[in-house]
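Colleague: This is the structure I want to talk about, given as structure tokens.
FYI, it's all coordinate maths here, none of it is from the lab. Remember, it's a predicted structure, so these values are computed and weren't measured experimentally. Don't worry about glycine lacking a Cβ; one is built from the backbone with ideal geometry, like all the others, and counts go over all protein chains shown.
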Amino acid sequence: MEEKMQMFRNRLTKVYRHLSRIARRQGVSCYRVYDHDLPEFPFCIELYGDRLYVAEYDRRHGLTEEEHQDWFDASTDIMADVMQIDPERIYSKLRRRKQGRLGQYQKLQEEKEEFEVEENGLKFLVNLTDYLDTGLFLDHRLTRARVRDEAAGKRVLNLFAYTGSFSVYAAAGGASRVVTADLSNTYLNWAGRNLQLNGFGDREKYPLVQADVLALLTQLDAGSFDLIIMDPPTFSNSKKMEGFLDIQRDHVQLINQCLQLLDQGGVLYFSTNARKFQLQESAIRSTGIRDITRATTPFDFEGRLFRWCFRIGKEDKV
């Protein structure tokens, strides 16, 4: 036990020293430190300012409940010591392999302990207690920055928007209008608070739309947007949806519908967490498809990021 704990301490010390130097240099206060680096310590560890988020991946560990709690307590003691975090500011969850109907957005508790964090000069509300995910997907830090850089004067549509971080970046980049769409009223409200927090509370200019995205795409006017962000779940069969979503099966239709909504010269940012995803490029009505997965991978996810990201331009095939 002690030997393995020392092994974990050594690994965590090494990666934290390396990543914290880069984070300070880049002015990043929220980043991933560790993600299942050692099989015996299956944690995802993320820093959010002066708070630490620890998700333990579900596994068959063969320990009694008491033994597992002792192991977990010893592990978090090491985290607190290595990273100089107040143990009272460590938040832990169990990340199960199968999340059921609600997937990663499943509500776990109702403590409502929200706090502000900053990313690239923008503010976001994070919740480390009530949901499996925190409200800010750290792996899209660079993608969000791209959206801000390209948003000036653009009509922007953020689909499957979750807590609206892309919408905040688009608004900060000077977008003429930003439409934020999601099926969940809970997350739309969260997105609204994030927009308000950054001074973008005008609902005429920054409307929030609660809708089944699959249905919404058939209702919007062609050519009505210049920039679209679409980061859908890998699979969803919410009771609020018509049918169900399987991103490998449905991505061509979704992407082509988005391209139809774009004005000429418009851009779609499409991302998916499906590990075995294969883009059916020949069926997509664009000649401007670029795989930007590596280019949008932040320093804290290098070598351990399991998602795809594409920049798809409205350049119709002849």
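Colleague: Counting only helical runs of four or more DSSP H residues, what would the 222 nm mean residue ellipticity of the chain come to if each run contributes -39,500 (n - 2.57) and the total is spread over all its residues?
Modeller: Result for the chain: -9500 deg cm²/dmol, rounded to the nearest 500.
Colleague: Something else: Counting alpha carbon pairs within less than 8 Å and at least 6 residues apart, what relative contact order, in whole percent, applies to the chain?
Modeller: 12 percent
Colleague: Using alpha-carbon positions, what is the distance between the centroids of segment 27-91 and segment 241-318, in Å?
Modeller: Using only Cα atoms, the two centres lie 33 Å from each other.
Colleague: Okay, moving on. By the scheme Lys and Arg +1, Asp and Glu -1, what is the net charge of all other residues having a beta-carbon under 13 Å from that of residue 309?
Modeller: With Lys, Arg at +1 and Asp, Glu at -1, the neighbours total +4.
Colleague: Right, another one. With springs only between Cα atoms under 10 Å, which of 18, 251, 61 fluctuates most in a Gaussian network model of the chain?
Modeller: 61
Colleague: Name the helices (complete DSSP H segments) of the chain with a Cα length along the long axis of 24 Å or more and a Kyte-Doolittle mean of at least -1.0, or state none.
Modeller: 65-83
Colleague: For the chain, what proportion of DSSP beta bridges, expressed in % and rounded to the nearest 5, is antiparallel?
Modeller: Given both bridge residues lie in the chain, the antiparallel proportion sits at roughly 60 percent.
Colleague: Identify which of the listed values of Rg/Rh (Cα atoms, Kirkwood Rh) was calculated from the structure shown: (i) 0.94; (ii) 1.07; (iii) 0.98.
Modeller: Here the calculated entry is (iii).
Colleague: Separate question: May I ask you to list the chymotrypsin sites (Phe, Trp or Tyr not before Pro) in segment 167-266 that are in a DSSP loop and have at most 13 other Cβ atoms within 10 Å of their Cβ?
Modeller: 244
Colleague: I want to check the label-to-label distance for residue 85 and residue 264. Put each point 7 Å from Cα in the C-beta direction and report it in nm to one decimal.
Modeller: About 5.2 nm, to one decimal.
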